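Read-outs throughout are calculated quantities, based only on the coordinates presented, and are distinct from any laboratory measurement. Since this is a predicted model, take the numbers as computed values, not measurements. All Cβ positions, glycine included, derive from the backbone under ideal geometry; neighbour counts span all protein chains shown.
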């Protein structure tokens, strides 16, 4: 006879696959994005089917929808736990993939498709457990708020940011939250698995640089060429190496790795030492310093016309406490002739302690005896940036037990994004343990 939790575990895999099949591409451009409406309707139906009352919130943009519900707990006087996940995904070109990115194919031990790890896997696990608890009448220790959100991939303007500004009452009483990019395993020396729980993330600044020059015919001499001036500035910025800064979160992570492996992380060769971490070294390495990566260039409309304006997009990620220093360096690198405008989201940081951390650790060890839980800083960003403005303490905890050889960090926004079926099953069991004790 299949146990009740194993029914939910199997459903998590099915829900993840079905969610991937729903194209929720978010290009950030209102003219080309698909929107989250169909996925939000799917989630709403799955919740109402088992008896939840939901808030179905359209957040001001076409097809931009969010679903929020609350499961009462045994002790309503305790702060509520928010479990949030985003429904949107970044674009994917089917020509580059081994399987169609919106197939949700279950093959070779994986669920394949755009969103498999970012983050329809966590949405599938969460939705399966929410349904399981309602069906079986399971009452968690405290209130739980489940939020399925729009627009995380473009900063949350129509998702978490909008809800925090316009509907904060939906999160009344919430004191702590969990979401994506944490709780995944990394196999270290002697096969020991460390599960990395996100306690911090870098700030985001999506910046547009603009240079103005003198328009003219491409055949003539031009000393005031906007494309040339912008290219020089972008090259300086893209080649700049920001200084090494060890935050508390990174120090604690490296100390934990040293304790497990005996590896040293000397500050005079920290980049080289971090390379020992294998597939996650790119993610961890990016938390040692600020970064500013040019991503897009735009100028001109004909090959023989010198344009009067040239623009570049730059993705900046800034460590906690580094904003003023970052701005000073930016001005020195770019000089006075570069116009700058940007959208900015703050860093997030909390400590790796307290009852919630104990519950996360116990849940992981309960399913993987001998495992270790470590804090780490995420080089990217999540909707935690919005929820911290409500005084909520945020963690990344979407648990997955991963094969040692899998380049997990490379799957985010990558080609052939996929999540192991066994990892989804493991994560659902861990979250069940956690939700029952948090």
Task: Part-to-part distance (alpha-carbon centres) for the stretch 248-266 and the stretch 54-101, which is given in Å - done: 34 Å
Task: Calculated P(r) tail over 17 Å for the stretch 32-160, as whole % of Cα pairs - done: 61 percent
Task: Residues 334, 319, 246, sorted so that the one with the fewest Cβ neighbours within 10 Å comes first - done: 246, 334, 319
TODO: Determine how many Å³ per residue the convex hull of the Cα atoms of the stretch 373-438 encloses.
DONE: 122 Å³
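Hey, what did the stretch 173-223 get for relative contact order, percent, Cα under 8 Å, at least 6 apart?
Values: 25 pairs, mean separation 11.1, N = 51.
RCO, the stretch 173-223: 22 percent.
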TODO: Return 387, 171 ranked ascending by Cβ neighbour count within 10 Å, so the fewest neighbours appear first.
DONE: 171, 387
Task: Along principal axes, Cα extents of the stretch 133-182, largest first, whole Å - done: 36, 25, 20
Open item on the list: Please report, in whole Å³, the volume per residue of the convex hull around the C-alpha atoms of the stretch 283-390.
Closed with: 178 Å³
Open item on the list: Rounded, prolate or oblate for the stretch 90-205? Axes are the square roots of the Cα gyration tensor eigenvalues, ordered a ≥ b ≥ c, and the cut-off for rounded is a/c under 1.5.
Closed with: rounded
- [ ] Take each of the peptides 189-201, 336-348, 130-142, average the number of other beta-carbon atoms within 10 Å over its residues, and list them starting from the highest.
- [x] 189-201, 130-142, 336-348
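Set the Förster radius R0 to 41 Å, insert the Cβ-Cβ distance between residue 27 and residue 269 as r into 1/(1 + (r/R0)^6), and round the FRET efficiency to 0.05.
Numbers: r = 40 Å, r/R0 = 0.99.
After rounding to 0.05, the efficiency reads 0.50.
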Open item on the list: If every alpha-carbon in the stretch 179-245 counts as one equal scatterer, what log10 I(q)/I(0) does Debye give at q = 0.12 1/Å?
Closed with: -0.63
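For the chain, what is the relative contact order in percent, using Cα pairs closer than 8 Å and at least 6 residues apart in sequence? If you can, show how the numbers build up before the last one.
Working: 932 pairs, mean separation 103.2, N = 438.
Reported relative contact order: 24 percent.
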Task: Equivalent ellipsoid semi-axes, the chain, via Cα gyration tensor eigenvalues times 5, rooted, Å - done: 38, 26, 21
- [ ] Taking 7 Å along the Cα-to-C-beta vector as the label spot, tell me the residue 328-residue 313 distance in nanometres, rounded to one decimal.
- [x] 3.1 nm
TODO: Neighbouring Cβ atoms within 10 Å as the yardstick, rank 349, 6 fewest first.
DONE: 6, 349
Task: Computed FRET value (nearest 0.05) for residue 7 with residue 404, which takes r as the C-beta separation and R₀ as 22 Å - done: 0.15
- [ ] Give the peptides 110-118, 302-310, 32-40 in descending order of average Cβ contacts within 10 Å, highest first.
- [x] 110-118, 32-40, 302-310
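If you wrap a convex hull around the C-alpha atoms of the stretch 172-316 and split its volume per residue, what is the figure in Å³?
177 Å³
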Task: Cα gyration tensor, the stretch 1-107 - rounded (a/c under 1.5), prolate or oblate - done: oblate
